[in-house]
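Where a number appears in this text, it was derived from the coordinates with a stated rule and is not lab data. Since the structure is predicted, the reported quantities are computational estimates derived from the model, not experimental observations. Here the Cβ positions follow ideal geometry from the backbone for every residue, glycine too, while neighbour counts run over all protein chains shown.
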Amino acid sequence: MKKTLIVANWKENKTAPQTKEWLEEFSNPKFQIPNNVGVVICPSFVLIPVLRSHFSHHTSHLSLGAQDVSKFEEGQYTGEVSAKMLKDFVEFVIIGHSERRRYLGETDEDVAAKSVLALKYDLIPIVCASSVKEARSWKLEAGKDAGGWRLDDVVFAYEPLFAVGSSEPDTPENAQKFAQKIRAEVGLDVRILYGGSVNAENVKSFVSQPDIGGVLVGQASLDVAEFSKIISNSVQI
Ligand code: PGA
């Protein structure tokens, strides 16, 4: 059975000193990561080395992810960070988050191109979709590339637009319905997360749905006490 995945999306938050503070607090032995839970922290690019140096002496349940990757493999693309560069630092990469689609004009084609490159360099893409249509389009576009990857290697996150950063989560029943539909579109083996206003109180109701294998957490991941509660509540009965 796959571990429940708890992914922290820090977005454009935290400086290096704030990251060190977060890490010190999170390293407190009172915060344990249960055996059947995997935690992925996705900070901004510049903070990745700060977390990485710390993780070397932390638990095996903890991984790092980036929040984006270039759609270009390498070359003259000022400011971009490629999958080839990232693979030495992280295991996961969030792709196609609704904030990138909305504020940075990211298209379905971009999301597919980034996913294919991530897979080529052995990164696990966490592909965000706010609708079944976006998931379908991803399958169509990314599927054109005949890479040797398996859908098993992809994580999907169903993130309804109204729920992201709003304190108004979707209902677990509705999230389950969408997870089921996304699975029907993209493939049976894919792991599907729910994201949007997840907190310590509601996490269990989402991860106990049969098609939801974890959560993508924004705001509530910035605070160690709340994030740790999310981790422990995700497994409590
Ligand atoms: P939120 O963000 O938990 O703050 O709603 C989730 C996300 O954007 O991934």
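Out of curiosity, is Phe178 buried (at least 16 other Cβ atoms within 10 Å of the Cβ) and not acidic (Asp, Glu)?
Answer is yes for this residue.
Quick grid of which residues meet (1) buried (at least 22 other Cβ atoms within 10 Å of the Cβ); (2) in contact with a Cys (Cβ under 6 Å, 6 or more places away or on another chain):
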residue: Gly96; (1), (2): yes, yes
residue: Leu104; (1), (2): no, no
residue: Thr107; (1), (2): no, no
residue: Ala129; (1), (2): yes, no
residue: Phe156; (1), (2): yes, no
residue: Pro160; (1), (2): no, no
residue: Gly187; (1), (2): no, no
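Might you let me know whether region 189-207 holds any residue that is small (Gly, Ala, Ser) and surrounded by fewer than 16 Cβ atoms within 10 Å (Cβ to Cβ)?
no
Filter region 208-218 down to residues that are within 12 Å of the ligand (Cβ to nearest atom) and either surrounded by fewer than 20 Cβ atoms within 10 Å (Cβ to Cβ) or among the β-branched types (Val, Ile, Thr) (or both) and give me whichever is nearest to Ala179 (Cα to Cα).
Residue satisfying both the conditions and the ranking: Val215.
Within region 126-145, identify whether any single residue is of a type in the set (Asp, Glu), more than 11 Å from the ligand (Cβ to nearest atom) and within 19 Å of the chain's Cα centre (by Cα), and answer yes or no.
yes
Across region 188-203, which residue is nearest to Asp153 (Cα to Cα) among those that are assigned to a loop (DSSP other than H, G, I, E, B) and of a type in the set (A, V, I, L, M)?
Within region 188-203, the first condition is being assigned to a loop (DSSP other than H, G, I, E, B), and the residues that meet it are 188-190, 196-202.
Restricting the remaining residues to those that are of a type in the set (A, V, I, L, M) gives 188, 190, 198, 200.
Values: Leu188: 12, Val190: 7, Val198: 24, Ala200: 28 Å.
Of everything passing the filter in region 188-203, Val190 is nearest to Asp153 (Cα to Cα).
Any residue in region 79-97 that's within 16 Å of the ligand (Cβ to nearest atom): show its pairings with residues that are of a type in the set (Lys, Arg) at Cβ separation under 9 Å, as long as the two are six or more apart or on different chains.
Pairs that qualify, where the first residue is within 16 Å of the ligand (Cβ to nearest atom) and the partner is of a type in the set (Lys, Arg), are Val93/Lys114; Ile94/Arg100; Ile95/Lys114; Gly96/Lys114; His97/Lys11.
Thr19 fails exactly one of the following numbered conditions: (1) within 16 Å of the ligand (Cβ to nearest atom); (2) among the polar types (S, T, N, Q); (3) out of contact with any Gly (no Cβ under 7 Å at 6 or more places or on another chain). What is the number of that condition?
If we test Thr19 against (1) within 16 Å of the ligand (Cβ to nearest atom); (2) among the polar types (S, T, N, Q); (3) out of contact with any Gly (no Cβ under 7 Å at 6 or more places or on another chain), just (1) comes out false.
Report, by residue number, each residue of region 219-237 that is within 15 Å of Ile41 (Cβ to Cβ) and either crowded, with 22+ Cβ neighbours inside 10 Å or of a type in the set (Val, Ile, Thr) (or both).
Those that are within 15 Å of Ile41 (Cβ to Cβ) and either crowded, with 22+ Cβ neighbours inside 10 Å or of a type in the set (Val, Ile, Thr) (or both): Ser221, Val224, Phe227, Ile230, Ile231.
Could you list, in sequence order, the residues of region 116-130 that are in contact with a Pro (Cβ under 8 Å, 6 or more places away or on another chain) and either among the polar types (S, T, N, Q) or not in a helix (DSSP H, G or I) (or both)?
Ser130
Can you work out which of the residues in region 161-187 that are of a type in the set (D, E, K, R) and part of a loop (DSSP other than H, G, I, E, B) is farthest from the ligand (Cβ to nearest atom)? Don't jump to the end; show me each part of the working.
The initial filter retains those residues of region 161-187 that are of a type in the set (D, E, K, R), namely 168, 170, 173, 177, 181, 183, 185.
If we keep only those that are part of a loop (DSSP other than H, G, I, E, B) too, we end up with 168, 170.
Numbers: Glu168: 9, Asp170: 10 Å.
Top of the filtered list is Asp170.
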